[in-house]
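In what follows, a structure is listed as structure tokens, so that the remarks can point back to it.
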Amino acid sequence: MVKGFGLTGTWSWTFATNEHIWSPGLFRILGLDSGSTRAAYDLLLALVHPEDCAGVVSSADMLQTGRMAQQTFRILRPDGTLRTVMSRGEIVAAPDGRPVQAIGVLLDVSDREILARAQAAERRRKRKIFEQAGAFTSVTLNYPYTDFSPEWLELVGQPKQVLLDEPTLPVLKEERARWRDHGRELYLTKQVVHTQPRLLLASGETIPYRMVMVPMFGPGGGIERWMNYIAPLHLAGSAPSAMRDSLERFVQGRHLRAGRALLGWSMHELAAAARLSYSTVRRLEDDDASASGHARGSALAALREHGVVFSFMNDGTLTLGKP
């Protein structure tokens, strides 16, 4: 949604190879031509307003400290226009603490009105999907539950306090114990929770639903919240984009090797398709902690582009296939 309004851009810098990758959105925010401009962190620094330079992390500081902080500063574009951006990034480190890669995102907050319109449009879109299809996404801060989304309360027509006493009350009585035990085990082991219960809705209908709960991990590796996808079982489709990054954390080296096998690819061919180095692909397949989530996402995108489909079974097992 934010990308569609031209308000955000992403970047990465792999230190060993000095490879810089910028998204098209970042070039637009900076007022640069992606076809004739070579991406580089120092180029981004050169566009920072002189009065704001002191507060922006330099290349040397980034490499020495291995840290980045959220910052807001002004960008002076080559055409003379001024934009205010919010920057957030992180350093990916090797097991010995050595910085390996920096990744970040810039959000253009110059025009708060445009941002507000984008957010309002997204809320209207989600509401229409809920009204027409009974599908929605929400966030749960912890488990066991202490709250429920407005959409869930409206869908099942039960008061909040009643559901706090018995969260599985909307599930048909003969299925409650099964799905309660199944979901609790996956929650407590920090796995993807995937259930397909029959729900008694506020409308009086009984409809099979797909309920997927994905742990969203913070920088320290702990679970910060759970992202929920709730939709009638007959609705086909891929995971909402908000869930994609966290779902991809469950992809291991064996899954990438299986994906290559489905396509008959070597590691070199996967590296070329994903625009990664051979050593990066090798680290990914060896489950090396120094391999970044950005690199894993690039490898997965390359496999998907050539027909490999990743799916979660009811028990949370990740499977691969190729139509």
* Tally of residues being at pLDDT 85 or above and within 19 Å of the chain's Cα centre (by Cα) across the range 92-122 -> 7
* Asked: Within the set of pairs 6+ apart or on separate chains, which have a first residue in the range 123-142 that is hydrophobic (A, V, I, L, M, F, W, C), a second that is part of a helix (DSSP H, G or I), and C-beta atoms under 6 Å apart?
  -> 130/151; 135/129; 136/130; 136/151
* **Filter result (without any contact (Cβ under 8 Å) to a residue 12 or more places away in the chain and surrounded by 15 or more Cβ atoms within 10 Å (Cβ to Cβ)) within the range 292-323** => none
* Return yes when residue 273 is surrounded by 14 or more Cβ atoms within 10 Å (Cβ to Cβ) and under 26 Å from residue 89 (Cβ atoms) and no when it is not. => no
* **Residue list for the range 131-142, restricted to those being surrounded by 18 or more Cβ atoms within 10 Å (Cβ to Cβ) and not polar (S, T, N, Q)** => 134, 135, 136
* To do: Please note which helices (runs of 4 or more DSSP H) are completely contained in the range 173-282 and include at least 1 residues that are farther than 26 Å from residue 157 by Cα and of a type in the set (S, T, N, Q).
  => 241-248
* residue 97 fails exactly one of the following numbered conditions: (1) at positive phi; (2) not assigned by TED's automatic domain parsing to the domain that holds residue 87. What is the number of that condition? -> (2)
* **Check on residue 311, among the polar types (S, T, N, Q), under 21 Å from the mean Cα position of the chain (by Cα), in a strand (DSSP E or B) and outside the structural domain of residue 189 (by TED's automatic domain parsing)** => yes
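The values are calculated or read from the model by the stated rules, or taken from the named source; none is laboratory data. The shown structure was predicted, so the numbers you read here are calculated from the model rather than taken from an experiment. Glycine also receives a Cβ, built like all others from the backbone with ideal geometry; neighbour counts cover every protein chain displayed.
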